[in-house]
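J.: Provided herewith is a single structure, encoded as C-alpha cells, for subsequent inquiry.
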Amino acid sequence: MPTRLTTGFAASQSIASVIATKMLSHNRSRFFMTIVGIAIAFFLAAAQIGLLVGWINTNSAIINNTGVDIWVTAEQTATFDYGTPIPRHRVQQVASVPGINWAEGMLVGWATWRHPNGKPINVEIVGLDKSLAGKPAQMLAGDPEIIKQPETVIVDELFRDLLGVWEIGDEAEIQGKRVIVGGISQGVRTFTAAPFVFTSIKNAVTYTPFYREDEISYVIARIEAGADIQAVKSRIQREVSNVEVLTTAEFAERSVKYWMLETGVGITVIITGILGLLVGIVIMSQTLFAITQDHLANYATLLALGFHQNTLRLIVLTQSLTLGGLGIAVGAALFAVAAKASARTPIPLETTTAVSVGLILFSLLFCIGASWFSIRAIFKLDPVSVFHG
Amino acid sequence: MKPITKPEPVLVCRGICKSYGSGDIVERVLKRVDLEFSRGQASVLIGPSGSGKTTLLSILGCLLAPTEGELVIGNGMVDFTNKSSLTEVRRQKLGFIFQHAQLLPFMTIQDNLAIIGRNAGMTAADVDQRLDNLLDRLQLKPMRHKLPSQLSGGQRQRVAILRALLHRPSIVLADEPTAALDWNTGKTVVELLLEQARLEQAVLVVVTHDTRMLPLFDRILSIADGILTEQYQTAALENTFYTHS
Ligand SMILES: Nc1ncnc2c1ncn2[C@@H]1O[C@H](COP(=O)(O)OP(=O)(O)OP(=O)(O)O)[C@@H](O)[C@H]1O
Ligand SMILES: [Mg+2]
C-alpha cells in the first residue's frame, strides 16, 4: 500500500487553485470582460479617493511647505485661506515667548486681479516675510527673492492662461495697482478656484482691502531644539491675547476638514468612491455566481467523489481573488497612468502608500464578500444529485 | 484465525430501509436490505424502473442516509449524521461511475484524473506512476492531454473507470454506466470495468437495465417492491437469458 497522506490544507489549496484557474480560463471572453469591469470599477473608486487625496494635499500644501512648528492665528480661523487680520506686533510677542527660536509673519488675503484683457479674477494673495517662509517649493523661472521688490509677484505656471501673464516681466493689475511678474512657480494649486499670488507682506497689504498697514494674518514660528511643543503652545496662548495657537499638523487638519466637511465636497467624493466599489462588487458577484451556476453539476460530482465542501469553497474564493486581484491590478495601472497625466494639472489624482494599501485590501475584502452567494449555492449542493444526471 | 475460504466482507448492509416523504405520503423504497460483499466480488443490481436501485447504490456510496439500518465499510460503521466523515469515506474507500462520465469539461483527461488522486491523498509521484499504468491498461494513453469533449462516449466511460479506480478504493459503484452507449461499446466498457476491478480486488456493484450483461458478473441482485433477492448462479442464468430474450 502507498502512504496515504490526508489532504492537508496545502494540498487541497493547490488542487483548488488548479481547478479554479482552469475553470476561469475556460471561458476566456467572460474572464476578460469581468477583469475589465472590475478594473473600471476599481479605477473609479481609486480616482475618487485620488481626487480627495489630491485636494487634501492642495489644501494643506502651503501650510506644510512653510516648514514651521507653530501657527498663531486670529481666533476661530476656519481655514488657511480665510485669514483674519491680527496686529503685526504679535510677531514680536510670540518671538519673546521662551522656547521660541524664530518667528515671522504671513499675510493671506483676497484681491481682484485684472487680466490684461480686462476680465476680473479672484486671487489669493500670500504675503511672505523676510525669510520667505512659505514660498513656492519649485520655481519654473525666477528667484523668489524678487518679491522683495515693489510691485513684484510670483504666479504659478498652472494659471498663466487664466491670469493672462506668461513670462517674467509681464504686467497686470491687482486692485487697480500695477504688478509685474517676477517669477513663475510650479505645482502651487488652489482648492478655491482663486490662484495663489505670492509677494512680500509689504506689497500684499497694499493689494488686500481688508488689511491695514500694520496687520498680518498669521505668526509662524519655530521652537528651540528640544523644546516641548505643547508647553510652548500653551505659553503663547497665555501670553498673547486674542489669538489661537496651533501646531502645523493641527492647522493643516483644520483647513482640510473645513473644505472637506463643511463644504460637503469630501462626502460627495467618498460616496462616489463607495459607489465605484459597489459596482465592482456587483460585477464580481454576478460573474462568480454565473460561473458557479454553470458548474454546479461539476461541483456536485466533485463532492460525490470525495472533495470536501471546504475545498470547493476554496475554489470559489480563489476565483474571486484571481478576478479581483487582476481587476485591481489593471485598475491600479489605469490609476497610475491617470495620476501621472494629471500631475501637472490643477486637479491632480494623488495617493499615499497607506491609502493605496488600504483601498486594495478593502477591495479584496469586497471580493471575498462577493463570493458569498456562490459559496452558499455550493453549500446547498447535495452530492446525491450526481446519480440523477 | 480467519477461515481462508470465507474472506472478511468489505461492505456490509444490515437491515437497511429507506422511505421518501413524510406523513401520509411515505414511499417505502427499500424494506430491510441485508447484504455482504467481499473483496474482488462483482455484483450486478437489476430491477424495474423506480424499484430503488439508485437509492440503494446511493446509500452504499455514503451519499444518502438510510431511514433505518447500518452500513459497515472495512471495519468501521458509517456515521450518516456526519457529512464530513461521509466525505472522508468516499474520498478514501469509494469509486464511482455514473451514466455519463461527468468529467470536468475544462480540464484535460490527465488533470481530471490527477485532482482525484491528489485529493485522495496520493503523492504527485504516486499519481503519475499509477496514471501511466492505468492509462496503459485502459488503452487511453493517446487521450491523456485531450479535453473530455474530444473523446467518444466509450472513451469517456473508460476514463471514468480509471478515475473510479485511481486511488485504489475498496469499493466501486456504477449506476447504469453503459446506458448512454451502444451495445458493443457498452459491453467492452463493462468487461474492462470487471477486469480492472478484479485486478484491483475491489468490490464492484453495477446497476444495469441490460440483461445481456448479467452473465459477466459473479452475483445477480434483484430488487422489486422494496425487497432485494439474490438470483440464480451465473451459469444457469446465462441459458435463461439467452433463451428468453
Ligand atoms: N429524492 C427523492 N424524493 C422522493 N422520492 C424519491 C427520491 N428519489 C427517488 N425517489 C423515489 O424512490 C423510488 C426509487 O427511485 P430510484 O431512483 O432508486 O429507482 P431506480 O431503481 O434507480 O429507477 P431507474 O431504473 O428508473 O433509475 C422511485 O419511486 C422514486 O420516485
Ligand atoms: Mg436509477
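J.: With every protein chain present, what is the per residue accessible area of the protein assembly as shown (1.4 Å probe, Å²)? Please report the intermediate quantities before stating the final value.
T.: Numbers: 28420 Å² over 634 residues.
I get 45 Å² per residue for the protein assembly as shown.
J.: Then there is this: Taking the Cα centre of each part, how many Å lie between the stretch A:16-87 and the stretch A:120-180?
T.: That distance is 30 Å.
J.: Okay, next question. On a 0 to 90° scale, report how tilted helix A:248-257 is relative to the longest principal axis of chain A, with both axes built from alpha carbons and the result rounded to the nearest 10.
T.: 70
J.: While we're on this one: Could you work out the Rg to Rh ratio of the stretch B:128-225, with Rh taken as the Kirkwood radius (inverse of the mean 1/r over all Cα pairs)?
T.: Details: Rg = 13.7 Å, Rh = 14.1 Å.
Result: Rg/Rh = 0.97.
J.: Quick one: what are the phi-derived ³J(HN,Hα) couplings along the stretch A:167-176, Karplus 6.51/-1.76/1.60 with θ = phi - 60°, whole Hz, x for glycine and proline?
T.: Per-residue couplings from phi come out as 9, 4, x, 5, 10, 8, 10, 10, 6, x Hz.
J.: Give me the distance in nm between label points sitting 7 Å out from Cα along the Cα-to-Cβ direction at A:Asp228 and A:Ile180, one decimal.
T.: Between A:Asp228 and A:Ile180, the label points sit 5.2 nm apart.
J.: Would you jot down the residues in the stretch B:44-83 that end up with at least 50 Å² less accessible area in the complete protein assembly than in the chain alone, with a 1.4 Å probe?
T.: Those are B:Leu63, which lose 50 Å² or more relative to the chain on its own.
J.: Continuing with the same structure: Nearest 500 deg cm²/dmol is fine: what mean residue ellipticity at 222 nm does chain A get from its DSSP H runs of n ≥ 4 alone, each adding -39,500 (n - 2.57), divided by its residue count? Please list the in-between numbers first.
T.: Numbers: 12 runs with 193 residues, N = 389.
Only helices count here, giving -16500 deg cm²/dmol.
J.: Return the distance in nm (one decimal) between the two label points of a simple spin-label model at B:Trp183 and A:Thr192, each offset 7 Å from Cα along Cα→Cβ.
T.: Between B:Trp183 and A:Thr192, the simple spin-label model gives 9.7 nm.
J.: Let me ask another. Quick one: if the Förster radius is 60 Å, what FRET efficiency do A:Ala95 and A:Val282 give, using the C-beta to C-beta distance and rounding to 0.05? Mind showing how you got there, number by number?
T.: On the way: r = 60 Å, r/R0 = 1.00.
Efficiency, from the Cβ-Cβ distance: 0.50.
J.: Let me ask something else. Taking θ as phi - 60°, what are the ³J(HN,Hα) couplings along the stretch A:67-82 by the Karplus curve (6.51, -1.76, 1.60), each to the nearest whole Hz, with x for Gly and Pro?
T.: After applying 6.51 cos²θ - 1.76 cosθ + 1.60, I find x, 10, 9, 9, 10, 10, 10, 4, 4, 6, 6, 7, 7, 3, 5, 10 Hz.
J.: Something else now. Using DSSP to define loop residues, name the GluC sites (Glu not before Pro) in the stretch A:194-259 whose beta-carbon has at most 13 other beta-carbon atoms within 10 Å. Present the calculation step by step, with values, prior to reporting the outcome.
T.: On the way: sites: A:Glu213, A:Glu215, A:Glu224, A:Glu239, A:Glu244, A:Glu250, A:Glu253; in loops: A:Glu213, A:Glu224.
Here the GluC sites (Glu not before Pro) that fit, given the DSSP loop and packing criteria, are A:Glu213, A:Glu224.
J.: What is the helix-to-structure angle for A:229-239, meaning the angle in degrees between its Cα long axis and the longest Cα principal axis of chain A, kept from 0 to 90 and rounded to the nearest 10?
T.: Once rounded, the angle reads 40 degrees.
J.: For A:Trp372 and A:Leu261, what does the FRET efficiency come to when R0 = 35 Å and r is the distance between their Cβ atoms, rounded to the nearest 0.05? Intermediate values should be presented prior to the final figure.
T.: Numbers: r = 33 Å, r/R0 = 0.96.
Calculated transfer efficiency: 0.55.
J.: Let me ask something else. Dividing the alpha-carbon Rg of the stretch B:10-50 by 2.2 N^0.38 Å yields what?
T.: Details: Rg = 13.5 Å, N = 41, 2.2 N^0.38 = 9.0 Å.
Compared with the compact-globule rule of thumb, the stretch B:10-50 sits at 1.49.
J.: Just the projected area, averaged over all directions, of the convex hull on the alpha carbon atoms of chain A: how many nm²? Mind dumping the intermediate values first?
T.: Working: hull surface 110.1 nm².
Across all orientations, chain A yields a mean hull projection of 27.5 nm².
J.: Quick check on the stretch A:74-203: take the gyration tensor over C-alpha atoms, sort the square-rooted eigenvalues as a ≥ b ≥ c, and tell me if it's rounded (a/c under 1.5), prolate or oblate.
T.: Numbers: a/c = 2.04, a/b = 1.66, b/c = 1.23.
Verdict is prolate for the stretch A:74-203.
J.: Let me ask something additional. Rolling a 1.4 angstrom probe over the protein chains, ignoring ligands and nucleic acids, what is the accessible area of A:Cys367 in square angstrom, nearest 10?
T.: Here the accessible area works out near 10 Å².
J.: Quick one: which residues, 5+ away or cross-chain, put their amide H under 5 Å from the amide H of A:Ile223? H built at 1.01 Å from N.
T.: A:Asp69, A:Asn101
J.: Next question. So how tilted is helix B:153-165 from the main axis of chain B? Cα-based, degrees 0 to 90, rounded to 10.
T.: Orientation of helix B:153-165: about 80 degrees from the principal axis.
J.: Something else now. Once fully extended, how much extra length lies between A:Asp170 and A:Asp143, figured as 0.36 nm per residue of separation less the alpha-carbon to alpha-carbon distance? Mind showing how you got there, number by number?
T.: Values: separation 27, 0.36 × 27 = 9.72 nm, distance 1.55 nm.
Net length gain for the segment: 8.2 nm.
J.: Compare each residue of the stretch A:274-310 in its chain alone against the assembly with all protein chains, and report those whose accessible area goes down by 40 Å² or more; 1.4 Å probe, heavy atoms.
T.: Checking the loss per residue gives A:Asn298, A:Thr301, A:Ala304, A:Leu305, A:Gly306, A:Phe307, A:His308.
J.: If I compute solvent accessible area with a 1.4 Å probe over the protein chains, what percent of it on the protein assembly as shown is carbon and sulfur? It would help to have the intermediate numbers written out before the result.
T.: On the way: 16130 of 28420 Å².
Roughly 57 percent of what the probe reaches on the protein assembly as shown is carbon or sulfur.
J.: What is the local net charge at A:Thr192, summed over the other residues whose Cβ is closer than 9 Å to its Cβ (Lys, Arg +1; Asp, Glu -1)?
T.: Working: positive: none; negative: A:Asp81, A:Glu124.
Charge balance in the 9 Å sphere: -2.
J.: Continuing with this model, one more query. So if I place +1 on the C-beta of Lys and Arg and -1 on the C-beta of Asp and Glu, and nothing else carries charge, what would the dipole magnitude of the stretch A:76-241 be about its Cα centre? I want it in debye, nearest 20.
T.: Values: 17 positive and 20 negative charges, 86 e Å.
Magnitude of the dipole: close to 420 debye.
J.: So, one more: Using a/c under 1.5 as the rounded threshold, could you call the stretch B:9-244 rounded, prolate or oblate? The axes a ≥ b ≥ c are square roots of the C-alpha gyration tensor eigenvalues, and prolate needs a/b larger than b/c, oblate otherwise. Could you put the intermediate results ahead of the total?
T.: Numbers: a/c = 1.78, a/b = 1.29, b/c = 1.38.
Verdict is oblate for the stretch B:9-244.
J.: Right, next: Report, by chain and number, residues whose modeled amide H sits under 5 Å from the one on B:Ala202, excluding near sequence neighbours (fewer than 5 apart, same chain).
T.: The answer is B:Gly40.
J.: Separate question: For every other residue with a beta carbon closer than 11 angstrom to the beta carbon of B:Arg219, add +1 if it is Lys or Arg and -1 if Asp or Glu, then tell me the sum. Spell out each step's value before the answer.
T.: Working: positive: none; negative: B:Glu36, B:Asp218, B:Glu230.
That sum, taken over residues with Cβ under 11 Å, equals -3.
J.: 5 Å is the cut-off here: which amide hydrogens, built 1.01 Å from N in the peptide plane, fall below it relative to A:Leu140, excluding neighbours closer than 5 in sequence?
T.: Long-range HN contacts for A:Leu140: A:Ile184, A:Ser185, A:Gln186.
J.: On a 1.4 Å probe surface of the protein chains, which of A:Trp71, A:Trp259, A:Trp110 comes out largest in accessible area, and what is the full order?
T.: Ranked from most to least accessible, the order is A:Trp110, A:Trp259, A:Trp71.
J.: Let me ask something additional. Checking an interface number: how much accessible area is buried between A and B, summed over both chains, with a 1.4 Å probe, in Å² rounded to 100?
T.: 3000
J.: Rounded to the nearest 10 Å², what accessible area does A:Phe191 have for a 1.4 Å probe in the complete protein model?
T.: Ignoring ligands and nucleic acids, A:Phe191 comes out at about 40 Å².
J.: Hey, another quick one. Compute the signed sum of charges (Lys and Arg +1, Asp and Glu -1) over the other residues within less than 14 Å, Cβ to Cβ, of B:Gly21.
T.: Numbers: positive: B:Lys18, B:Arg28; negative: B:Asp24, B:Glu27.
Here the charged neighbours net out to 0.
J.: Quick one: what are the phi-derived ³J(HN,Hα) couplings along the stretch B:177-182, Karplus 6.51/-1.76/1.60 with θ = phi - 60°, whole Hz, x for glycine and proline?
T.: For the stretch B:177-182, the Karplus-derived couplings read x, 10, 4, 9, 10, 6 Hz, x marking Gly and Pro.
J.: If I model a spin label as a point 7 Å beyond the Cα along the Cα-Cβ vector, how far apart are those points for B:Ala124 and B:Asp79 in nm?
T.: Result for the modelled spin labels: 3.4 nm.
J.: While we're on this one: To the nearest 10 Å², what's B:Ser84's accessible area with a 1.4 Å probe?
T.: Only protein atoms counted, so the area is about 60 Å².
The values are calculated or read from the model by the stated rules, or taken from the named source; none is laboratory data. Quick caveat: nothing in here was measured; it's all calculated off a predicted structure. Positions of Cβ are backbone-derived with ideal geometry, glycine not excepted, and every protein chain shown enters the neighbour counts. Note: areas computed on protein heavy atoms with side chains; ligands, DNA, RNA excluded. Shrake-Rupley method; radii C 1.70, N 1.55, O 1.52, S 1.80 Å.
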